[in-house]
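Computed from the coordinates by the stated procedures, all read-outs in this text should not be read as laboratory data. It should be emphasised that the depicted structure is a prediction, and the values quoted were computed from it without experimental measurement. As a convention, Cβ positions derive from the backbone with ideal geometry for all residues, glycine included, and neighbour counts pool all protein chains shown.
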Amino acid sequence: MWVRETVDRKNRRQKPVPAVPDCSLFTVLLRRLILKIGFHLSISNGFDQTLKHAKSLRCETVQIFLKNPRSWEKKKWKDEDISAFQRLQREMAVFGHLSYLPNLAKIDENERNLHGFVHEVKLCRDLGLDRLVVHLGSRADKTKGITAIARGINYVLERYDIKQFLENSSGQGASIGKDNEEITMVYEKIDRKENIFICIDTAHLFEAGHNIKIKKVWNVFIDDLEERLGKGKIGLFHLNDSRTLSGSHVDRHWHIGKGEIGINFFRFLVNNKRFAHLEGVMETPKMGNMDKENMRTMRSLLSPLMSRSLA
Ligand SMILES: [Zn+2]
């Protein structure tokens, strides 16, 4: 039986809602039909704690920094880190995120930029993590910046087997990657394109001037990107609302549905079959219980059949 009448004591006129059989295979299949949602979480207390925290938030994916994102200090894993990481990776898809300091757009100006990038790629390799999100970096001279970014990425791809997810930017300052044209200019200079994917940060996109509250603006952006890069190149979403207006070029992530983008966009995105095979990571500010709240909000947006299967 696929549909059953449920009677709500408070509201007897409630419509029938689809019932989901208690069948794990069914649930597994159903899960493939929607974006898998999670958070960027800290690893400062070890990967076992990250896993515990991720499970308590009902994450289906998780993103991590490999090291202190605001320091150039190098890091080395202990054996127990690697085994704990494997436990985490067995449970859910994990994405690494390059720390803030390496600026790929200036690898020719300061060798620390490339060394820092390579160090984090090695940290991924040593863990057995093959997915790394990278910001394209900043440079006033965009032409030189784009050439430098591609050189850095090519350097890594020649030596390491890692998938890189290039993240769009808000266009703040001289940051590169605020639109499809800049993303494409980098992409075209990359040799091993099979390891390159795009990570779309919804807050950055909005702040860069794409008013994605209007469904058509979103669709035009996505269609244009796929036309330039080919289908299957969108590899990840950063699901963030924005505290600032579209076109502000000011990067301020905010809680889902509480910012300038608003809830309707996220409802549309999480239920969009086009991206059902992908993951979406929230990088919303860590404030009190807001991770729980943001997850609750996100799950409430799923169509009734999906949300019941996850209950
Ligand atoms: Zn992001």
Quick one: His119, His97, His277, fewest Cβ neighbours within 10 Å first, how do they rank?
-> His277, His119, His97
Per residue of the chain, what 222 nm ellipticity follows from adding -39500 (n - 2.57) for every DSSP H run with n ≥ 4, rounded to the nearest 500?
-> -12000 deg cm²/dmol
Taking every DSSP beta bridge that has both residues in the chain, what percent is antiparallel when rounded to the nearest 5?
-> 15 percent
Hey, what's the Cα Rg ratio for the chain versus the globular rule of thumb, 2.2 N^0.38 Å?
-> 1.04
Kindly put Asp108, Asp223 in sequence by how many other C-beta atoms sit within 10 Å of each C-beta, fewest to most.
-> Asp223, Asp108
Taking +1 at the Cβ of each Lys and Arg and -1 at the Cβ of each Asp and Glu, which of Gly247, Asn219, Ser300 sits farthest along the dipole of segment 35-303 towards its positive end, judged by Cα position relative to the Cα centre?
-> Ser300
Quick calc, the chain, dipole around Cα centre from Cβ unit charges on Lys, Arg (+) and Asp, Glu (-), nearest 20 debye, gives 1240 debye
On a 0 to 90 degree scale, rounded to 10, what angle separates helix 111-127 from the longest Cα axis of the chain?
-> 40 degrees
When Lys and Arg each count +1 and Asp and Glu each count -1, what net charge do the other residues less than 12 Å away from Lys52, Cβ to Cβ, add up to?
-> 0
Counting Lys and Arg as +1 and Asp and Glu as -1, what is the net charge of the other residues whose Cβ lies under 15 Å from the Cβ of Phe85?
-> +2
Built amide H within the under 5 Å cut-off of Arg131, gap 5+ = Gly96, Lys163
For segment 231-248, in order, what is each residue's ³J(HN,Hα) by Karplus, 6.51 cos²θ - 1.76 cosθ + 1.60 with θ = phi - 60°, in whole Hz (x at glycine and Pro)?
-> 6, x, 8, 6, x, 6, 10, 9, 8, 10, 7, 10, 7, 10, 6, 5, x, 6
Too long for a 21 Å Cα-Cα cut-off, among Lys163/Lys189; Lys67/Lys286; Lys233/Lys286; Lys55/Lys213; Lys122/Lys292, are Lys233/Lys286; Lys55/Lys213; Lys122/Lys292
